[in-house]
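So the structure is just underneath, and the comments pick up after that.
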Amino acid sequence: MNTIVTNLKRASIEIILLSLLTEEDMYGYQLAQEIKKRTGGQLSMLEGSMYPILNRLKSNGDVTFHTKIVGQKMRRVYYHITDSGKEHYAEMKSVFNNNVALIQELI
């Protein structure tokens, strides 16, 4: 059962990250905290696990990033969804919803 849950979470994280970024630009820790908060702690992501996905989304042109200085020396990298990222998210959401509907018909 744990393998199933892990695989579902892994497959869902890209769409979750894009969904959050449609609301506002966010930095890694903020993304991780939003996921945890909105799922009541049932889904949590380590920031280090998100960065390869965010970098892949950046390579695909779905997100960009910019750095802000916070305080005197701390830097935060904020991720921003691009127009092509919004289109990719809409496609992923449609496929996801269709798959969920198909599965619900079968079970």
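Assorted remarks:
- Residue within the range 89-105 that is within 17 Å of ASP25 (Cβ to Cβ) and either surrounded by 12 or more Cβ atoms within 10 Å (Cβ to Cβ) or of a type outside the set (Gly, Ala, Ser) (or both) present: yes
- Selection within the range 31-53 - in a helix (DSSP H, G or I) and in contact with a helix residue (DSSP H, G or I) (Cβ under 7 Å, 6 or more places away or on another chain): LEU31, ALA32, GLU34, ILE35, GLU47, MET50, TYR51, ILE53
- Qualifying positions in the range 57-83 - assigned to a helix (DSSP H, G or I) and either touching a residue at least 24 places away in the same chain (Cβ under 8 Å) or within 11 Å of MET26 (Cα to Cα) (or both): LEU57
Just so you know, all these numbers are worked out from the coordinates, no wet-lab data involved. In this text, all values refer to a predicted model and were calculated from it rather than measured experimentally. Cβ atoms come from the backbone with ideal geometry, glycine included; neighbour counts cover every protein chain shown.
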